[in-house]
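Report on the following structure.
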Amino acid sequence: GRPSAIGQTCELGRTGVLSTAMIIFIIVVVLALIYFIVLMERAQRRVAVQYPKRQVGNKMFGGEATHMPLKLNTAGVIPPIFASSLLLFPLTIAGFQAADGGSGILRLISTYLAHGQPLYILLYAGLIIFFSFFYTSVVFNPADTADNLKKNGGFIAGLRPGQQTAEYFDYVLTRLTMVGALYLSLVCVLPEIFISQYAIPFQLGGTGLLIVVNVVI
C-alpha cells in the first residue's frame, strides 16, 4: 500500500540510498501531478446554445442563451484501467507458463512487457489513447445530441440544426478527446518511467491518483 511505500522511501532516505534532494523531487512530482489532474479534470469546453423566443398566450418564453459543457476528459479513469488490465493478461498467462517451464516466447513477453520497459510504456500509452476515443464515442453521440437539441428548439449560432451541428460536435469532441487522451497517457506513463529509472518504492500511481482526485471532485 501507499503508507508502506512512503515508509520505505523515508527509510531509504535515512540510510542514504535516496538523497534528500531526490525525496523532495518525489514530493514535488506527486503534488504537481495532483494539481495537473485537478486542472485537467475540471477543464471543459462550453458550447454556446441559444433557444428562440416563442409566445404562449400572452406570455413570451425562451430567447435565452445557455452553455453545453463538454469535458476535456469524458472517459474519466476508464482508459487507464482497461489498458493496464489488457496488458496484465498476457503477463499473467506468461507467468503461469513460465512457472511450468514455458517457451522462450513467453519469457520474451514477460521481459519486454514488464512494468517500465519501453514496449510496455508504448503499448500502455497507445491503449489509453484508443480506449479514450472508444469510450467517449460510446457515451457521447454527436448525431443524437444534435437531434435532441433540434427537437428542443436549441441551436448553435452560425450552424444549421441537425447534420451540421452534429459535425461541429464531432469536430470539437475529437480535439478535446485527443488532448484528454494525451493527458491521461502522461499522468499514467510518467510514474512508470520514474519508478523504473530510479527504482523508487513510492508508488506515484497515476491511475490511483486519477481515481482519488475524481472521487474527491
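Set side by side, the residues Leu209, Leu184 differ, and just one is at pLDDT 85 or above, assigned to a helix (DSSP H, G or I) and open to solvent by less than 70 Å² (accessible area, probe 1.4 Å), which is Leu184.
Segment 1-70 holds strands (runs of 3 or more DSSP E) entirely within its bounds, and those carrying 1 or more residues that are surrounded by 14 or more Cβ atoms within 10 Å (Cβ to Cβ) and either at pLDDT 80 or above or among the hydroxyl-bearing types (Ser, Thr, Tyr) (or both) map to 44-50. Within segment 139-152, does at least one residue satisfy the condition of being of a type in the set (A, V, I, L, M, F, W, C), surrounded by fewer than 17 Cβ atoms within 10 Å (Cβ to Cβ), more than 19 Å from the chain's Cα centre (by Cα) and outside any helix (DSSP H, G or I)? No, because not a single residue in segment 139-152 is of a type in the set (A, V, I, L, M, F, W, C), surrounded by fewer than 17 Cβ atoms within 10 Å (Cβ to Cβ), more than 19 Å from the chain's Cα centre (by Cα) and outside any helix (DSSP H, G or I). Listed by first and then second residue, the pairs linking a residue in segment 114-128 that is under 16 Å from Gln197 (Cα atoms) to a residue that is assigned to a helix (DSSP H, G or I) and β-branched (Val, Ile, Thr), with Cβ atoms under 6 Å apart and 6 or more places separating them unless they lie on different chains, are Ile121/Val189.
The values are calculated or read from the model by the stated rules, or taken from the named source; none is laboratory data. Quantities reported herein were computed from a predicted structural model and do not represent experimental measurements. Ideal geometry is used to build each Cβ from the backbone, glycine not excepted, and the neighbour counts take in all protein chains shown. Ligands, DNA and RNA are excluded from the accessible area calculation, which covers all protein heavy atoms including side chains. Shrake-Rupley method; radii C 1.70, N 1.55, O 1.52, S 1.80 Å.
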